Amino acid sequence: MVAALMMHPLPYHDTKPVGAADFYFAINATFRFIREKLGSDALSAYWQDLGREYMAPVSHLWKVGGLPAVAEYWRAFFDAEPGAKVTVTMEKDRVLLDIQTCPAIRHLRAGGRTIDPGFCQHCYCVSEAAAEKAGFAVRVKGGNGQCQQTFSPRDQAFGPQIMENIEKAL
């Protein structure tokens with residue numbers, strides 16, 4: 001059974017064809033709660049822990065499968081996200097995600113929720129921590145519903161992430 005799971009780009013047990021969009025309400029509220037009670041540094045640490053610990057099976061797939069596994073994961077991930085409009089492009093030395101409609105931001109807006117202003121930074125923090133364990137780096141620009149994410153081998157990363165390049169969610 002474990003070998004069969006490792007063949008799938010999403011190493012999770014889920015029988016639904018798409019995710020439950022109300023999950024976005026929960027994570028947004030969690031992010032806001034942590035930021036308000038413990039501060040932004042604690043929220044960043046929480047996101048990094050998610051990337052290292054919760055995403056460990058994904059990191060393993062990426063480490064074993066390389067950039068093709070990164071591309072496969074993101075295609076499968078966004079195929080299961082309701083309302084996502086994303087193009088995943090595999091290039092020789094990187095994987096590009098062009099997120100035209102972020103499913104989380106879309107659902108939070110449609111639900112009339114106040115979005116944690118740092119919501120889009122979680123994509124970088126979680127993905128960077130997961131990617132690092134697999135020998136990759138991620139850089140993000142844009143946000144607030146539309147962004148570009150680039151995954152590349154760490155030794156080919158193009159400078160540090162500039163957090164100001166990640167827009168605040170409104």
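Laboratory data are not the source of any read-out in this text; all were calculated from the coordinates shown. Bear in mind the structure is a predicted one, so any value in this text is a computation, not a measurement. Methodologically, a virtual Cβ is constructed for each residue, glycine included, from the backbone with ideal geometry; neighbour enumeration extends over all protein chains shown.
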Original post:
So how much slack lies between Gln146 and Phe158, counting 0.36 nm per residue of separation and subtracting their Cα-Cα distance, in nm?
Top reply: 2.2 nm
**OP:** Apply the Karplus parameterisation 6.51 cos²θ - 1.76 cosθ + 1.60, with θ equal to phi minus 60°, to every residue of segment 147-156 and state each ³J(HN,Hα) to the nearest whole Hz, in sequence, with x for glycine and proline.
**Re:** 8, 10, 10, 10, 10, 9, x, 4, 6, 10
Original post:
If you build a Gaussian network model of the chain, linking Cα atoms that sit under 10 Å apart, which residue out of Leu61, Leu50, Leu38 swings the most?
Top reply: Leu38
**OP:** Evaluate the distance, in nm, between pseudo-label points positioned 7 Å from the Cα of Asp79 and of Leu96 along their respective Cα→Cβ axes.
**Re:** 2.2 nm
Original post:
Suppose every K and R has +1 on its Cβ and every D and E has -1 on its Cβ; what is the size of the dipole of the chain about the Cα centre, in Debye to the nearest 20?
Top reply: 200 debye
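Cross-link list Lys63/Lys168; Lys63/Lys85; Lys85/Lys133; Lys141/Lys168: which exceed 23 angstrom alpha carbon to alpha carbon? Before the final figure, lay out the partial values.
Numbers: Lys63/Lys168 31 Å; Lys63/Lys85 26 Å; Lys85/Lys133 28 Å; Lys141/Lys168 11 Å.
Distance filter (> 23 Å) returns Lys63/Lys168; Lys63/Lys85; Lys85/Lys133.
Quick check on the chain: what are the equivalent-ellipsoid semi-axes from the Cα gyration tensor, as sqrt(5λ), descending, whole Å? Mind dumping the intermediate values first?
Details: eigenvalues 113, 72, 52 Å².
The equivalent ellipsoid of the chain has semi-axes of 24, 19, 16 Å.
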**OP:** List every residue whose amide H lies under 5 Å from the amide H of Phe136, counting only residues 5 or more places away in sequence or on a different chain, with H placed 1.01 Å from N in the peptide plane.
**Re:** Arg154
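Can you give the longest stretch of the chain with no exposed loop site, where a site means chymotrypsin sites (Phe, Trp or Tyr not before Pro) in a DSSP loop (not H, G, I, E or B) with at most 16 other C-beta atoms within 10 Å? All intermediate terms of the calculation are to be shown ahead of the outcome.
Working: sites that count: Tyr12, Phe158.
The longest such stretch corresponds to 13-157.
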